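Chemist: Encoded as C-alpha cells, here's the structure I'll be asking about.
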Amino acid sequence: MQILITATEQTTTLDGIPCRLWHGVTEGGHPCDVFVLRVGSADVHAQEELVRALREMPPPREVPLGRIVP
C-alpha cells in the first residue's frame with residue numbers, strides 16, 4: 001500500500017505520545033489521516049531538507065485527538 005501524505009500544522013497526543021497530523025490519500029483515492037512521531041533519513045542532505053521544510057511550516061497547534069478522529 002502507498003499513501004501520499006501532506007503535513008499539517010496540527011499536533012495531537014496519541015497513546016500519550018505527541019505527534020503531527022498528516023493528511024493522506026491512498027492509491028485508491030481514499031482520504032486518511034496519518035499520525036507521525038518522527039521523520040528522518042539516513043541521507044544527510046535529505047535530512048537537512050526535511051528539517052528545513054518542517055521549520056518553514058506554521059508553528060504547530062495542539063488539537064485534541066477527539067476532534068480529529070471521532
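Chemist: Check off (1) within 18 Å of Val69 (Cα to Cα); (2) touching a Leu at 6+ places or on another chain (Cβ under 7 Å); (3) loosely packed, with under 14 Cβ neighbours inside 10 Å for Asp15 and give me the number that stays unchecked.
Modeler: (2)
Chemist: Residues that are of a type in the set (Gly, Ala, Ser): list the strands (runs of 3 or more DSSP E) wholly contained in the chain that include at least 1 such residues.
Modeler: Result: 3-14, 17-26.
Listed here are the residues, each with its yes/no results for (1) loosely packed, with under 13 Cβ neighbours inside 10 Å; (2) modelled with pLDDT of 95 or more; (3) out of contact with any helix residue (DSSP H, G or I) (no Cβ under 9 Å at 6 or more places or on another chain).
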site	(1), (2), (3)
Glu27	yes, yes, yes
Pro31	yes, yes, yes
Gly40	yes, no, no
Arg52	yes, no, yes
Arg61	yes, no, yes
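Yes or no, residue by residue, for (1) at positive phi; (2) polar (S, T, N, Q):
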| residue | (1), (2) |
| --- | --- |
| Thr8 | no, yes |
| Ile17 | no, no |
| Gly29 | yes, no |
| Phe35 | no, no |
| Val39 | no, no |
| Ala42 | no, no |
| Glu56 | no, no |
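Chemist: Here's a follow-up. In region 18-70, what count of residues is obtained for those that are of a type in the set (D, E, K, R) and in contact with a Leu (Cβ under 9 Å, 6 or more places away or on another chain)?
Modeler: 3
The values are calculated or read from the model by the stated rules, or taken from the named source; none is laboratory data. Remember, it's a predicted structure, so these values are computed and weren't measured experimentally. Backbone-built Cβ (ideal geometry, glycine too); neighbour counts: all protein chains shown.
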